[in-house]
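Beneath this line is the structure, given in structure tokens, with notes to follow.
The values are calculated or read from the model by the stated rules, or taken from the named source; none is laboratory data. Model, not experiment: these values are computed from the prediction. A quick note on method: Cβ atoms are made from the backbone with ideal geometry, for glycine too, and the neighbour counts reach across all protein chains shown.
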Ligand code: F0G
């Protein structure tokens, strides 16, 4: 039987040689592309979700971390650093452990989900809670990597983008061609940059030219930011970004211009969704599709639902929404009703009649 070997080995011919000298992998990639009939019914399109929470540390970051960490290991690096809203730190910590490297992570104080914090600590990273937001953390991490012997593994590291582009390859491989539209959340804008690169290469463009075209076209790229943290939508940095979707609580994305290029070259858009819309989409995904995600990951779904309501989703279009991180990262949101009340489980004695009554079977 074939076991998935991680994105570097699966896509070896499409990745640079320097990430292949010493491969650090936890078996990332090969995630499910799940048909979502409930979302198709709500939008009038044909919707699939790419479930990136199924990666080893529970988010898409693992695709880029295998390549960034392998490149660092190949160069003989001993230590890595990243700034993070949580998922990058969890991934960096895990892959540094696999590589036998030391890992330092800078996170905004009090603004990262418990699951992610515990992952970084469990994997032995040195975690510093910074009195500032993600953007402050990234500035500091970049300066640290310039002045000290530590490698930066944020998505400004081009090796991260190389790995993350494999998400686009997998979608095309699964569907047999590119979708009409690809939707995803946008935070620091590394992922939209990576997907656009991957889709272009599979369409025989850029570095893909030497392989010929796998896909007949590139998709329209739809990116969604949280309304309180939507600098690309506003057209200027946001100094105090706020959203319950802490993963994308970012006011000055590092790959801003690349995100705009993906948007404009694909004929796409980058728009904002409110926290309420994000939480609604989160609930639709869990209660109608069967996929549990963290709030930020629901931003793409919130986006297509919003555009559908505005009559802007082309009928029958094939849409893939990348849902970026697992619901168990930040599970508290499921324990609240749409009205914001705590969900209180019904208590019963271990008595079958009482249980049947409670279930309405009596
Ligand atoms: N979704 C999740 C779950 C994320 O963790 C992130 C980014 C994004 C979407 C946005 O992706 O930054 O490439 O545009 N998380 C980073 C982190 C910032 O530190 O974990 P992006």
Sole exception among (1) within 12 Å of the ligand (Cβ to nearest atom); (2) not assigned by TED's automatic domain parsing to the domain that holds residue 192 for residue 357, by number: (1)
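Would segment 294-301 turn up any residue that is at pLDDT 95 or above, assigned by TED's automatic domain parsing to the domain that holds residue 220 and not in a helix (DSSP H, G or I)?
So in segment 294-301, the residues at pLDDT 95 or above come out as 294-301.
Applying the additional criterion that residues be assigned by TED's automatic domain parsing to the domain that holds residue 220 yields 294-301.
Going one step further and asking which of them are not in a helix (DSSP H, G or I), we end up with 294.
Yes, that holds for at least one residue.
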Residue among 140, 189 that alone is at pLDDT 95 or above and more than 12 Å from the ligand (Cβ to nearest atom): 140
Candidates 144, 127, filtered to the one that is free of Cβ contacts under 8 Å to residues at least 60 places away in the same chain and assigned by TED's automatic domain parsing to the domain that holds residue 96: 127
Residue match in segment 6-19 (condition: under 21 Å from residue 162 (Cβ atoms), modelled with pLDDT of 95 or more, in contact with a strand residue (DSSP E or B) (Cβ under 9 Å, 6 or more places away or on another chain) and not assigned by TED's automatic domain parsing to the domain that holds residue 123): no
Given (1) over 17 Å from residue 25 (Cα atoms); (2) away from the ligand (no atom under 14 Å from the Cβ), number of the condition residue 76 does not satisfy: (1)
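From 94, 120, grab the single residue that is within 14 Å of the ligand (Cβ to nearest atom), crowded, with 24+ Cβ neighbours inside 10 Å and closer than 16 Å to residue 63 by Cβ. Give the derivation first.
On the way: 120 fails: closer than 16 Å to residue 63 by Cβ.
Exactly one of 94, 120 is within 14 Å of the ligand (Cβ to nearest atom), crowded, with 24+ Cβ neighbours inside 10 Å and closer than 16 Å to residue 63 by Cβ, namely 94.
Would you check which residues across segment 147-164 are free of Cβ contacts under 8 Å to residues at least 40 places away in the same chain and either in contact with a strand residue (DSSP E or B) (Cβ under 9 Å, 6 or more places away or on another chain) or not in a helix (DSSP H, G or I) (or both) and list them?
Narrowing segment 147-164 to residues free of Cβ contacts under 8 Å to residues at least 40 places away in the same chain: 147-148, 158.
Hit for segment 147-164 is 148, nothing else.
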Given (1) in a loop (DSSP other than H, G, I, E, B); (2) within 14 Å of the ligand (Cβ to nearest atom), index of the condition residue 213 fails: (2)
Any hit, segment 169-181, residues being in contact with a strand residue (DSSP E or B) (Cβ under 8 Å, 6 or more places away or on another chain), within 15 Å of the ligand (Cβ to nearest atom) and at pLDDT 95 or above: no
